[in-house]
Every structure is written in C-alpha cells, then in structure tokens.
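Comments concern the structure below.
Nothing in this text is a laboratory measurement; each read-out follows from the coordinates by a stated rule. Please read all numbers here as calculations on a predicted model, not as lab measurements. Note that each Cβ is placed from the backbone with ideal geometry, even for glycine, and that neighbours are counted across all protein chains shown.
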Amino acid sequence: MIFQPVLHPALLLMFLIPLVVIASIGLGRSPAPAERWRWVGRIGMAILLATILLRPGLPGGSAETLSANTDVLLVVDTTASSIAEDWGSDHQPRMDAVKKDIRAIMDRYPGARFGLITFDREAEMRVPITADTTALSSAVEGLTPEVTQNSRGSSIGVAAPLLKDALELIRNSTEARGRLVFYFGDGEQTVDSTPESFADSAPLTDGGRVLGYGTQQGGKMRQTSGSVDGGEAPYIEYQGRPALSAIDQDNLRTIAQQLGVKYELREPGKPLDLPEPPATTTSGTASTGGHVGTAIELYPYAAGLLVALLGVEMANALAQLIRLRRGALTAGKER
C-alpha cells in the first residue's frame, strides 16, 4: 500500500479524531436502531474523507509518457500592446491568446523542460529552465503588462542577448538536448533604435516559431497600474484619443528569419502549427516515449462510497424535515 497524503498525517488525525468522538457519543446516546445506524454512517463518512485525503494506492500501475530530450524557451512580449483589445470578434486582449497558445505548446511537448523570458523595456528570465510545469503555468497565468506610467517605449529585440545566454547555458550542460524557441509578440517597435538581432541564437536553436498577435486596424489598450481597484481602467490616450497598437508582420518575419524558424500569424479559431520535437541531438536519438511506474489510485472508490453515504444522509434529513412540517401542520389544525 502506498500513501500520498494531501495533508500531513498529524493534521489528518487532528481533523478525524474529533469527528469520530462526536459521532461515537451520538451513537451511544441514540436509543433507536435507525438513529444508531445513521451515526454509524456518519463515522464512516469521516473515515472515508480521511482516506481520500491520505490518497492510498497500490503499486504496479503505469502511465505512458514522452521523455522528450528537449528544452523549450518561451519569449513573451509583456509591453502595454500585449493587452490591446483586437483578438477575435469580441475584442479580447492579445495576452489571452498568448496564454492559450502557451498551454497548447506545453501539451504538445510533454516531458520537455520549459523556460520563460518576458520583455517590455527590459528582458527578464521569469522562469529558469525547469521540468516543473506547475511553476510555469502559474507564471504564465500571472503575466501582466508593465505599469503604464513606467512605459518609455520598448524594442522587440531587447530579449535577444538573454535568449542567447539561456541557449548557451543549455548547450553547455552535460546532457545534450534539443532546443526549441517560441517568440510571442506583435512586432511593434516603439523606440527609435534599430531592434537587436536574434541571429546569434540561430545556431543554438533546433526549431520553433515566431507567433504574431494583433491586427492591422489595431486595438485599444487599457491602462495598468499594478494595483487592484475593482474598477475598469481607462484606455491609454494619444493626442486626446485612444491609442491603437497594430501588428507589424514585417518585423516579426525578420525575427523569424534571424532565428531560422517559421513565422505564423495567429488568428482566432486557427489551429496552432507546432513543429515536431527534435528527433536527434548531438549525442544521438532523443527518447520519444515509454512508460513510468505509478500507483493505482484507490481514493476514487472511497469518494464513491462517501457520495453514497452523503446521499443517504441528505435523504434522511429531508424525510425528517417533511415529518416535522407535517407535525406542525397537524398541531396547527388541532388548535
């Protein structure tokens, strides 16, 4: 028997013992057999709930997995334009589409390691390369644009040096792994300088995509303050009118050419075209699949019994409520 408790066993005992004691006292004080059986059921529910929280299992299970010898680096634009409202007919922020596509990429490469780089005025390694997809998911869900008052313009290539360093670090590790790069942005250069080039990362990259978000007509952007005030923020204005952010596909194609990957314009309802995992690395063929040992979970059976006992308890409570109401109506008529 294998246990994978949700809570520490000591906390489970602190939770279970009072419930069992209370139910046992009720059992001892109940003269009627039907009432005693109800208290037995309540003790059973407490024990079943504790069993569920202990997550018991039997060894011998297995699960198919892809042991992808691959690292995936995600480079995400978090400037104000990332929340421009021109995604789909209902004008959702572009960042909603980016987050959805990142989840699709995570599903496409199970077993891979992931890293997250974000950029606005500066680039930041938000999540170092890791196999912990839970940490990555949390970071992605928490992505927000820079605070509006701090915005001074940004370069679409500001993340190039950081990406190169991250790729070199992976390449120089003891284990040879495939390297994929995905760039998410709108290509809008809002500083006067020439965008930094990603060409130095091309020899370190085995594939990926540059994914473009936005429309030629552009979308309005709401102000961000970094605080939660419960209200809807006003739009960013330029010369007395809402400012618009439009996609620059030429810039995005240039980035794709520099990285040596394909460019894809993202559109609502369009499936994401993702490359195959690298089939080989410098040390040979990458692992493409297999099985890992797991425990055969038993808590679903305990959960099913708990639901059944809860159903009985609710039926008894409803029957008792009906009897009490009928008794009250009868007493009222006799008066």
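With an 8 Å cut-off on Cα pairs and a minimum separation of 6 or more residues, tell me the relative contact order of segment 70-285 in percent. This gives 25 percent for segment 70-285.
Computed from point charges on the beta carbon alone (+1 for Lys and Arg, -1 for Asp and Glu), the dipole magnitude for the chain about its Cα centre is near 2260 Debye. Between the C-alpha center of segment 14-63 and that of segment 308-329 there is a gap of 21 Å. Helix 33-54 and the long axis of the chain differ in direction by around 20°, with both axes built from C-alpha atoms.
Our estimate of slack between residue 176 and residue 324, defined as 0.36 nm per intervening residue step minus the Cα-Cα distance, is 45.9 nm. The Kirkwood hydrodynamic radius of segment 58-185, based on inverse pair distances between different Cα atoms, is 15.9 Å.
Once you reduce segment 70-86 and segment 204-223 to the center of their Cα atoms, the two points are 7 Å from each other.
The modelled label-to-label distance for the pair residue 103/residue 121, using points 7 Å beyond Cα in the direction of Cβ, is 3.3 nm. Here the residues 42, 241, ranked from fewest to most Cβ neighbours within 10 Å of their Cβ, fall in the order 241, 42. Between 0 and 90 degrees, rounded to the nearest ten: what's the tilt of helix 160-171 against the longest Cα principal axis of the chain? The angle comes out at about 70 degrees. When peptides 180-189, 247-256, 145-154 are ranked by their average number of other Cβ atoms within 10 Å per residue, the highest-first order is 180-189, 247-256, 145-154. Based on alpha carbons, the Rg and Dmax found for the chain are 29.0, 94 Å.
Among 131-138, 166-173, sorting by the average number of other beta carbon atoms lying within 10 angstrom of each residue, highest first, gives 166-173, 131-138. Ordered by the number of other Cβ atoms lying within 10 Å of each residue's own Cβ, fewest first, 143, 321 fall into the sequence 321, 143. With helices as the sole contributors, the chain gives -12500 deg cm²/dmol at 222 nm; each DSSP H run of n ≥ 4 counts as -39500 (n - 2.57), and the sum is divided by every residue.
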